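Here the structure is laid out as C-alpha cells; the discussion comes afterwards.
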Amino acid sequence: MVYTDGVPRRRPSWSAVSELAGRALGSMPPSGLLLGGILSVQVGAALAKELFALVGAAGAVGFRLAFAAAVLLALWRPSVRISRRALPVVLGYGAVLGLMNLSFYEAIARLPLGIAVTIEFLGPLAVALAGSRRWLDVVWALLAGAGVALLARAEGGVSLFGVLFALGAAVCWAGYILLGAKLGKVTTGGSGLALSMTVAWLLVLPFSLVEAGGTLLNPIVLLAGFGVALLSSVIPYSLELEALRKIPPRLFGVLMSMEPAVAALIGVVLLGELLGPVQWSAVCCVVLASVGATYSATRDGTM
C-alpha cells in the first residue's frame, strides 16, 4: 500500500503496467513505431560493439538476449501453457531471433556497422519484393544487387566471413518478419515475444559461455549488457511486433528502407566508422531500392 493525502492506495500491479504499455504501443502509428525501433536497435548495436573486446560477439548476444528475456518475462508474465497453434510459431520465432542476433553480431565484429546492416537489409527487401508482378520491382531488386556488388569492390575490401554472417542475418531477418506477423495473430500483448526471446537466449547460451566465460559476471559488463538488451531487443522488438499487427509483412519490409542509412550514420557518429564513397554509394543503392519499392506499392494502392 502507498498513501496519498492519508488515503491508502494500491501500488500498480505488473498486469496494470503491462496493460498501460500495451495501450501506449497500440496508440502509436506504424511509422512512429518503426522509426523508434530503428534508432533504438542501431544505437544498441553500436554499444554492443564496444563490448566485443571483453566478451566477444557471442558473449554480447548472450547478454542482450538474457536481459531482454528477463525484462519481457517480468513485464508480460506469459503463461507457459500455450496453445498447440501458437507453440510452433513461438519456437520458430525464437530460433530465428537467436540466429539473427548471433549472425549479425558476428558480422559487425568484422564489418563496419553501416555495411553489415546494408547487407542484412536484403532480407526485409526480399520480403517486400517477393511475389511482386510489377516489372519495375525488378529494377529495384537489381539496384539492391548493385549495392552489394559495390560493397564487394569497395576500397580496402571487406571481410568474406563478415559478409557471409551478414547474409545469414538477412535470411533470418526475412523469417523474423514473416513469423512475427504470425506471432502477433496467435498471441496477445508481448507474451509471445517474451517466450520467444527466452527460446532465443537458450539457443545462443552455449556459444556465449564458450566465448565469454567468467567475464559474464563482471559488474560493468553486466550493466552495459542490460543497456544493450533494452536498446537492441526489448524496445525495438516490442515496437516492431506492434507495427506488424497493424500492417502486412510486405509493407513492413518497405517501410524499413531507412535502416541502412541510419546504421551508417550511427556508425560514423558513435563508432567513428567512416565509409568511403563507394561504400556510401552501395548504401544509397539499397536505400533507393527500398524507397522505389515503397513508391511502386503506393501507386498500386497496396499501402
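The residues of the stretch 131-144 that are crowded, with 17+ Cβ neighbours inside 10 Å and either in contact with a strand residue (DSSP E or B) (Cβ under 7 Å, 6 or more places away or on another chain) or at pLDDT below 90 (or both), listed by number, are 132, 137, 140, 141, 144.
I'd like the full set of residues that are among the hydrophobic types (A, V, I, L, M, F, W, C) and either closer than 15 Å to residue 243 by Cβ or more than 13 Å from the chain's Cα centre (by Cα) (or both), limited to the stretch 172-199. Listed by number, the residues that qualify are 173, 177, 178, 179, 181, 183, 186, 193, 194, 195, 199. Checking each residue in the stretch 212-228 for being within 12 Å of residue 52 (Cβ to Cβ) and more than 21 Å from the chain's Cα centre (by Cα) picks out 212, 215, 221. Checked against the criterion of being assigned to a helix (DSSP H, G or I), buried (at least 23 other Cβ atoms within 10 Å of the Cβ) and modelled with pLDDT of 85 or more, the candidates 162, 147 yield just one match: 147. Residues that are within 15 Å of residue 52 (Cα to Cα), part of a helix (DSSP H, G or I) and free of Cβ contacts under 8 Å to residues at least 60 places away in the same chain are absent from the stretch 195-208. For residue 173, state whether it is touching a Pro at 6+ places or on another chain (Cβ under 8 Å) and closer than 24 Å to residue 50 by Cβ. Taking the combined requirement at face value, the residue satisfies it. The residues on offer are 168, 189, and the sole one that is at negative phi and crowded, with 19+ Cβ neighbours inside 10 Å is 168. Just one of the listed residues (111, 51) is surrounded by 17 or more Cβ atoms within 10 Å (Cβ to Cβ) and either of a type outside the set (A, V, I, L, M, F, W, C) or modelled with pLDDT of 90 or more (or both), namely 111.
The values are calculated or read from the model by the stated rules, or taken from the named source; none is laboratory data. These figures come from a predicted structure and were not determined experimentally. We place every Cβ from the backbone using ideal geometry, glycine too, and count neighbours over all the protein chains shown.
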